[in-house]
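Have a look at the structure below before the remarks.
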Amino acid sequence: MLAKPRSITYRIIITCILAMGLVAGFFGLQQRIIQDQNRYTYRAGSSQLVLTASGQLWNAHFQHPLQKVLYHYNGSETPKRRFVTWSRGLLSIGVNQVGLHGFKGLFAVTEPSFPAGSFVETSMKPLRAAPKPGQYAETIVAVQTATTPENGQINYVIASLTQAPRGNLLQLGYANGVVRDAKTYILRDYQAPHLFTTVANQPVTISTNGLHDLKIWLGSRLILNESRLDLNIIPPFQVYLEVQSQGLRYAARFHRLVIYRSNQVTMDGIPNGAIVTVLGPHGTPLAEGPARHGTFTMALTPPRLQASVTVRVSLGTRVTTFHGVVVKGGDVYAYRA
C-alpha cells in the first residue's frame, strides 16, 4: 500500500513548479543525448572487437568550467540567497535560509534529456547540519520527465536525505500529478545511526522505465526494487541535483554525475557455438556463456557500470583473447574475425 508523504520531502514539488517557466522554450520535447562518440578497437591477432555504440550518455566530474553550460540552475530561493560553486570535482549548491517561512530550494538540472531505462549515478556529499526544532536540510537526486511544458506534469522519482532535529532519514519514492495537485509517495524510509556517513561515502544509482519499474542502489546494495508502480513518467528524462532547507543556511555537494543507457553490454557477431568469457581484475569471472544468434550479453551491477575487462572467445580449440577492454553500461561491441 502506497502512503502519502511522511516527511517534508514532498516540498520538492514546490521547487519543481518554478522549473516550468525554465523548461518551457528551453528544453522542449526534443530528446538530445550527449554521447561519447569515440570508437575503440581492440585487436587479437587478425580478430577485432570494435565499439559500435557507446552506452555512456553523460559524464560530468564538475571540474571543467565549460560543463556549466550543460546545466541550468533554478529554485524557489531568491538569487541573492543561493549559490553554486564548482571545485575539485564537486558541484556545491546551497541556500541561505533565514527564519522559518517555509522551504526554499535550488537545483541544477541537466540541459539534455535521456531515454527511459537509463542508469543515473552520482554521489551525494551532504554537509553535516545541526538542525534545531523547526529546521530541516535536504539533499535530493531526482529523475523527472522533460515533458512538463507540454502537459503540465512534474512526475519524477527521488532519493532524498533529510537532516532533522530527530535524526537523519533517507527516503525513496516518486511523485505524479499536475503542478499544485501533484502528490509524492514514499516507498521506503531508512534511518540508521551511521546513515549520514553511508550516504556520503556510497554512490546512488537510479533507474526507471517511467512506467512501472524503479530501482535504486546505495553503493552495491539494491535498496529499492519495485516493478508494479503507476509512475506515468513520460520520457525523455532530466536529472535534478537539489538542495532545500528551512530556517538555516545549508549546502550540499555532488561528486560526478554519470548516465548510462543501460547496465547491459552487448557483443554482436560472435560465431555460432562460441563461448564468451569475461574476466575482471585479477582474473575474476564476471560473465560466461554461449552466444545466442550471434549475440552475447552481460550485465554490469551498480556502482560498477564501467570496467576494464578481458574478453575471451572460445570456438573449439581456437581461443581469441582481448585484453584491457573498457566496457560501460549500454555499450555495443562487434566481433570481427
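Assess whether PHE103 counts as being modelled with pLDDT of 80 or more, of a type in the set (Phe, Trp, Tyr) and not assigned by TED's automatic domain parsing to the domain that holds VAL311.
On the way: modelled with pLDDT of 80 or more: yes; of a type in the set (Phe, Trp, Tyr): yes; not assigned by TED's automatic domain parsing to the domain that holds VAL311: yes.
Criteria met by PHE103.
For the range 314-333, the criterion of being in a loop (DSSP other than H, G, I, E, B), in contact with a Ser or Thr (Cβ under 9 Å, 6 or more places away or on another chain) and of a type outside the set (Asp, Glu) is met by at least one residue.
Looking at the range 77-161, none of the strands (runs of 3 or more DSSP E) lying wholly inside it contains 3 or more residues that are of a type in the set (Asp, Glu) and surrounded by fewer than 23 Cβ atoms within 10 Å (Cβ to Cβ). Among the residues of the range 43-63, the ones that are part of a strand (DSSP E or B) and out of contact with any Pro (no Cβ under 9 Å at 6 or more places or on another chain) come to 12 in all.
Of the residues ALA142, ALA175, ALA116, which is assigned by TED's automatic domain parsing to the domain that holds ARG249, farther than 24 Å from GLN56 by Cβ and among the hydrophobic types (A, V, I, L, M, F, W, C)? Selected residue: ALA175, the only one of ALA142, ALA175, ALA116 that is assigned by TED's automatic domain parsing to the domain that holds ARG249, farther than 24 Å from GLN56 by Cβ and among the hydrophobic types (A, V, I, L, M, F, W, C).
The values are calculated or read from the model by the stated rules, or taken from the named source; none is laboratory data. Being a predicted model, the structure only gives us computed values, none of them experimental. Backbone-built Cβ (ideal geometry, glycine too); neighbour counts: all protein chains shown.
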